[in-house]
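Heads up: the structure comes next, in structure tokens.
Throughout, read-outs are computed from the coordinates displayed, never taken from laboratory work. If you're wondering where the values come from, they're calculated on a predicted model, not measured in any experiment. Note that each Cβ is placed from the backbone with ideal geometry, even for glycine, and that neighbours are counted across all protein chains shown.
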Amino acid sequence: MIAGPCAVENDQQVAASLEAAKEAGVDFVRLSLWKPRTKPGFEGLGSKGITYMVQAAKMGLNPSTEIMIPEHAKVIMKQVLPVLGDGKLLLWIGARNQNHYIQREISKIVSKDPRVFLMAKNQIWHNEKHWEGIVEHILDGGIKPENFLLCHRGFAAMGYNPHAYRNVPDYDMAMRMREKTGLRMIFDPSHTGGSVEKVFHIAQEANAYSFDGYIVEVHPNPKEALSDASQQLTWSQYKQLIKVLSQRQANRFVL
């Protein structure tokens, strides 16, 4: 399980999130520093927030964040790895980040330390061949398959969408990608659902498939969140979500 705020915001939010994540036993605590936005808005704390990732590592938590460019990977690894010990660091490439030169270079940088894992989300548009291309470009950068994860976050809703999800999942495609690549496949109910109610609904849908884990947005006080407030769970709701997932699925994500 990967869980934590959509974006790092301030000292109080991070302190509460780290304590809750530790108590909940998450595999990785989400501490996103850079936020790509559809329209201008809060874009995260950027490199100033890396100190929070260092703080998480010192607490024995495995920190994680989305990165946009190779320099982000470099600066995070430089500051976090010295205090990480035998912990793990997860970086991921988001759905909007489809520059294959950037994908390969990030892969090359991440591959330099076995404690660093890289996750790639599917692109926004519905196209299996393109998703395969993402995988091939990143593997070409040198990362080992055992340190590389895929994430299904749905595709932009362009037609049939009876549940009015924020992004429409294609579970069958995700399972084909999992089988063809041999890589672990994480599911993102937050960006597919788009609201707390739908996060619960879609996570139960996904639980019928062989996903290897989940990445969930969780905030100490979602009403005050600076981004994606409607889809962020409280930590109490996160515990409820874990309960409704089958024990087999909830425990599958092991690195």
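Tabulated data
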quantity	calculated
Per-peptide average of other Cβ atoms within 10 Å, ordering 176-185, 132-141, 154-163 highest first	132-141, 176-185, 154-163
Inter-part distance where the range 17-93 and the range 161-209 are each reduced to a Cα centre, Å	23
Semi-axis lengths (Å, descending) of the ellipsoid that matches the C-alpha gyration tensor of the range 34-173	27, 18, 14
For Tyr214, distant residues with modelled amide H under 5 Å away	Ile2, Phe187
Estimated FRET transfer efficiency when R0 is 30 angstrom, pair Thr234-Glu43 (beta carbons, to 0.05)	0.80
Added length on full extension, which subtracts the Cα-Cα distance from 0.36 nm per residue, Lys78 to Glu224	49.4 nm
Estimated Rh, the range 125-214: Kirkwood, alpha-carbon pairs, angstrom	13.6
Structure-derived Kirkwood radius over Cα pairs in Å: which label, when the choices are [x] 18.7; [y] 18.0; [z] 20.0	[y]
Relative contact order [Cα under 8 Å, 6+ residues apart], the range 47-179, whole percent	19
Nitroxide proxy distance, nm - points 7 Å out along Cα→Cβ at Asp172 and His130	2.0
Taking all pairs of distinct alpha-carbon atoms in the range 140-192, Kirkwood radius in angstrom	12.2
Entries of Lys108/Lys239; Lys129/Lys243; Lys39/Lys243; Lys198/Lys243; Lys180/Lys243; Lys129/Lys239 with Cα pairs more than 26 Å apart	Lys108/Lys239; Lys129/Lys243; Lys39/Lys243; Lys180/Lys243; Lys129/Lys239
Candidates per trypsin sites (Lys or Arg not before Pro) in the range 23-78, loop by DSSP, up to 14 other Cβ within 10 Å	Arg37
Calculated over the range 19-64: convex hull of Cα atoms, volume per residue (Å³)	81
Principal semi-axes in Å for the range 67-118 [√(5λ), Cα gyration tensor, largest first]	20, 10, 9
Calculated [θ] (222 nm, deg cm²/dmol) that DSSP helices of n ≥ 4 give over the chain, each run adding -39,500 (n - 2.57)	-12000 deg cm²/dmol
Extension gain from His201 to Lys22, taking 0.36 nm per residue of separation minus the Cα-Cα distance	61.9 nm
Sparse-neighbour loop sites [chymotrypsin sites (Phe, Trp or Tyr not before Pro); the range 61-150; at most 13 other C-beta within 10 Å; DSSP]	Trp125
Förster-model FRET efficiency, 51 Å R0, Asp113 and Tyr160, C-beta, rounded to 0.05	0.75
Relative contact order, percent, the chain [alpha-carbon distance under 8 Å, six or more residues apart]	17
The range 11-65: GluC sites (Glu not before Pro) falling in loop per DSSP and having at most 16 other Cβ within 10 Å	Glu43
